[in-house]
Amino acid sequence: MRALNFWKTVTVDEANLLESLISLLDQHGIRYCVVGGQAVNAYAEPVVSLDLDLAVATEQIETVESLLRERFRVERFPHSINISQPGSDLRAQIQTDPRYAHFPESATQKNVLGLALPVARLEDVLQGKVWAALDAERRPSKRQKDLADIARLIEAYPELRPRVPAEILARLF
């Protein structure tokens, strides 16, 4: 529980956005999983972040967006649904990029932020980070973080190295 309290302090989540979001998804049987940096944290030495990225089963995206709009501030972007709430600096986002659609199917429960949450499998987390690092439309600072996350995963799981494109490995090592 200390990890959750720490993260809630860092994100100034006085509105309990994290718990409310997870509760809403669970109550409505939404198939989702944690992806992005918090998923990397579930597999490697954690780093602090204000972000929580989720992937949702494709056929449930529209339902999720409708449910979220009833409770939270929601902004739709080309590849994400961003969720916020007054009283919280947590930056929650649901990936709508269809490449993430199958991630929830093979997710397993892991400790994330002091909570047991479904997390994308290790290989899927790495693949998501590779996509992000290669996305020229992302801000350079975000792509640098993606590279650091890939390095963290490779250090913790050297067997993943062959799954990383040579152009990314050249920037890491």
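Just so it is clear, none of the values below were taken in a lab; they were calculated from the coordinates. Quick caveat: nothing in here was measured; it's all calculated off a predicted structure. Glycine also receives a Cβ, built like all others from the backbone with ideal geometry; neighbour counts cover every protein chain displayed.
Couple of notes before you dig in:
- Tensor-based shape of the range 1-138 (alpha-carbon gyration tensor, a/c under 1.5 rounded, otherwise prolate or oblate): rounded
- Of all DSSP beta bridges in the range 48-115, antiparallel share, percent nearest 5: 65 percent
- Qualifying GluC sites (Glu not before Pro) in the range 1-98, DSSP loop, other Cβ atoms within 10 Å at most 15: Glu14
- The chain: relative contact order as a whole-number percent, Cα under 8 Å and 6+ apart: 24 percent
- Inter-part distance where the range 105-152 and the range 15-54 are each reduced to a Cα centre, Å: 12 Å
- Prolate/oblate/rounded call for the range 30-73, Cα gyration tensor, a/c under 1.5 rounded: oblate
- Total lysine pairs whose alpha carbons fall under 21 Å of each other in the range 2-172 (8 or more apart, or interchain): 4
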